[in-house]
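What follows is a single structure, written as structure tokens, with notes after it.
No lab work stands behind these numbers, since they all come straight from the coordinates. All values derive from a computational prediction rather than experimental measurement. Positions of Cβ are generated from backbone atoms using ideal geometry, with glycine treated the same way; all protein chains shown enter the neighbour counts.
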Amino acid sequence: MNVLFLDFLYPKGHQRFSKDLIKYLSDIYDVNVIAKQGYYIDFTDDLQKVNKLEEHNFKIGDNWLLSRISSLNVMLKSAIFIKKNKSDYILVSSFDTITFAIGKIFFRNKDKMYIVHHNNVDELDNKYKLKIFKSYMNNVNHIVLEGFIKDYLVNEIGVNKKNVFVLPHPLYINETCKEQREKYLCIGLSNSNDEYFIEQIIKTEKENKKFLNSRKKVILKSKKYEFDNGYLKVVKGYLKKEKYDEYVSNSEYIFMPFPDTFCYRMSGTLMDALSNKKIVLGSDIPLMRYYTRKYPSICKIIKDASAFFYFLLNSEQNATRNAKEFHSFNKFHSKENITRVLSDILKER
């Protein structure tokens, strides 16, 4: 059997996720990939069963209208490929909720198509997008990256339970990053950080100098603020992946001060943290509530700036309990388990 691997958006930062899925699929199926030119650089070198790669000069820009027209073009060319090349299953790594409602007419046998949700479910708080999504939600299969997202789609949105599947997110392990002399107590470098939370942390440090006095280094990211007293550092702008990986490898905690609009989606920051055995601190959002139930020792909810300072400067860790939870997390998100789950998902059809 063979799987056609598609992407209707080619979002920045998703190459690693898609590459891992292609790699794991190729362990059990022949995989055809239609790709944006240059999106996967040298990604077939170690993949024996990725037996066809077609690259097109797809352009998915930032303009709202043009990006959707481009996405429809990707869908049309993908559908033409399918007519010429039989595929047993179709896996779509990312899609636009609105565009898919139009482009789905290009495809037959949508019961063999699986669309992966990233921030799509959070967009359903828009009543127009919700109405559009409901027009096709039970005519295609859905893959989500955590169980609580499936529960929401089934129980709140009304998607047929048989059409929703949970696939663990691949691990993101920094295998090549060396330890540095400079260590950080905590880093929080996501682009999703809540600006008010960051502002309150800066305000508290200015007033009390808690990190300065304790000689504990913390680095956070903001789109609005900059600050540096030698121990609390808040940065703006682009951060190279190599530098980001270096920060992750040399920190003890990873902080996710996300806004309450970050609800029913997975976080790459969380995967970076737990994959590399870093304890996660996060705001009170559904993702963190779910993870604190699954891994209560290595995932902690932090509700405000004062709780952030208190936890970092006073917490004591149970190394044995932490090790067990990290092991459980790694096992669930391992290549072996993901490959097994992929096989089970596709077998059900």
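Among the chymotrypsin sites (Phe, Trp or Tyr not before Pro) within the stretch 129-221, which fall in a DSSP loop and have no more than 16 other Cβ atoms within 10 Å of their own Cβ?
Counting only loop positions with at most 16 other Cβ atoms within 10 Å, the chymotrypsin sites (Phe, Trp or Tyr not before Pro) in the stretch 129-221 are Tyr136.
In the chain, once you exclude exposed GluC sites (Glu not before Pro) (DSSP loop, at most 12 other Cβ within 10 angstrom), what's the longest stretch remaining?
Formally, the longest exposed-site-free interval is 1-174.
Cα axis of helix 319-332 to longest principal axis of the chain: angle in degrees, 0 to 90, nearest 10?
Once rounded, the angle reads 10 degrees.
What do you get for Rg/Rh of the chain when both radii come from the Cα atoms and Rh is the Kirkwood radius?
Expressed as Rg/Rh, it is 0.98.
Taking the 0 to 90 degree range and rounding to the nearest ten, how far is the long axis of helix 335-347 tilted relative to the main principal axis of the chain, both from C-alpha atoms?
For helix 335-347, the angle is close to 30 degrees.
Give me the net charge for the shell around Lys303: Cβ to Cβ below 14 angstrom, other residues only, Lys and Arg +1, Asp and Glu -1.
Residues near Lys303 contribute -2 overall.
So, how do all the Cα-to-Cα distances of the stretch 146-236 break down into 5 Å bins, in percent, from 0 on up?
3, 11, 16, 13, 11, 11, 11, 10, 8, 5, 2, 0
Taking the inverse of the average 1/r across all pairs of different Cα atoms in the stretch 244-311, what Kirkwood radius in Å do you get?
Answer for the stretch 244-311: a Kirkwood hydrodynamic radius of 12.1 Å.
Let me know the charge dipole size of the stretch 217-331 about its Cα centre in debye, to the nearest 20, where only the beta-carbon of Lys, Arg (+1) and Asp, Glu (-1) is charged.
Around 280 debye, computed over the stretch 217-331.
On full extension of the chain, what length is gained from Ser135 through Asn213, given 0.36 nm per residue of separation minus the C-alpha to C-alpha distance?
22.3 nm
Which log10 I(q)/I(0) values does the stretch 184-330 give at q = 0.14, 0.17 Å⁻¹ under the Debye formula, counting every alpha carbon as one identical point scatterer?
Computed log10 I(q)/I(0) values: -0.62, -0.94.
Which net charge results when you count Lys and Arg as +1 and Asp and Glu as -1 among the other residues whose beta-carbon is under 10 Å from that of Tyr136?
The answer is +3.
Please check: in the Gaussian network model of the chain (C-alpha springs, under 10 Å), which one of Ile302, Ile198, Ile82 has the largest mean-square fluctuation.
Looking only at Ile302, Ile198, Ile82, the largest GNM fluctuation is found for Ile82.
My understanding is that a pair violates if its Cα-Cα distance is over 18 Å; which of Lys206/Lys233; Lys134/Lys162; Lys23/Lys83 do that in this structure?
Lys23/Lys83
Count neighbours as other Cβ atoms within 10 Å of each site's Cβ, and list the trypsin sites (Lys or Arg not before Pro) in the stretch 279-309 that are DSSP loop with at most 11 such neighbours.
Here the trypsin sites (Lys or Arg not before Pro) that fit, given the DSSP loop and packing criteria, are Lys303.
Rounded to the nearest 10 degrees, what's the angle between the helix 15-25 long axis and the longest principal axis of the chain, both from Cα atoms, 0 to 90?
Around 50 degrees separate the two axes.
Counting other Cβ atoms within 10 Å of each Cβ, which trypsin sites (Lys or Arg not before Pro) in the stretch 188-257 have at most 15 and sit in a DSSP loop?
Qualifying residues, ordered by number: Lys209, Arg215, Lys223, Lys224, Lys236, Lys240.
Is the stretch 85-171 rounded, prolate or oblate when judged by the Cα gyration tensor, a ≥ b ≥ c being the square roots of its eigenvalues, rounded requiring a/c under 1.5 and prolate requiring a/b larger than b/c?
Oblate is the answer for the stretch 85-171, as a/c is 1.5 or above yet b/c matches or exceeds a/b.
Calculate the dipole size of the chain relative to its Cα centre from +1 charges on Lys and Arg beta carbons and -1 charges on Asp and Glu beta carbons; express the result in debye to the nearest 20.
With only Lys, Arg, Asp and Glu charged at Cβ, the dipole is about 380 debye.
Which of the listed residues, Val164, Ser222, Tyr253, is farthest toward the dipole's positive end in the chain, when Lys, Arg count +1 and Asp, Glu count -1 at the beta-carbon?
The Cα lying farthest towards the positive end belongs to Val164.
Where the centroid of each part is defined by its Cα atoms, how far is the stretch 211-259 from the stretch 75-138 in Å?
Answer, in whole Å: 38.
With each run of n ≥ 4 DSSP H residues scored as -39500 (n - 2.57), what mean residue ellipticity at 222 nm is computed for the chain after dividing by its residue count and rounding to the nearest 500 deg cm²/dmol?
Estimated from H runs of four or more residues: -11500 deg cm²/dmol.
Which residue fluctuates the most in the chain, going by a Gaussian network model with Cα springs under 10 Å, if the choices are Asp151, Asp88, Asp125?
Result: Asp125 has the largest fluctuation of those listed.
Positive end of the charge dipole of the chain (Lys, Arg +1 and Asp, Glu -1 on Cβ, about the Cα centre): tell me which of Gln15, Asn174, Ile202 has its Cα farthest that way.
Of the options given, the answer is Gln15.
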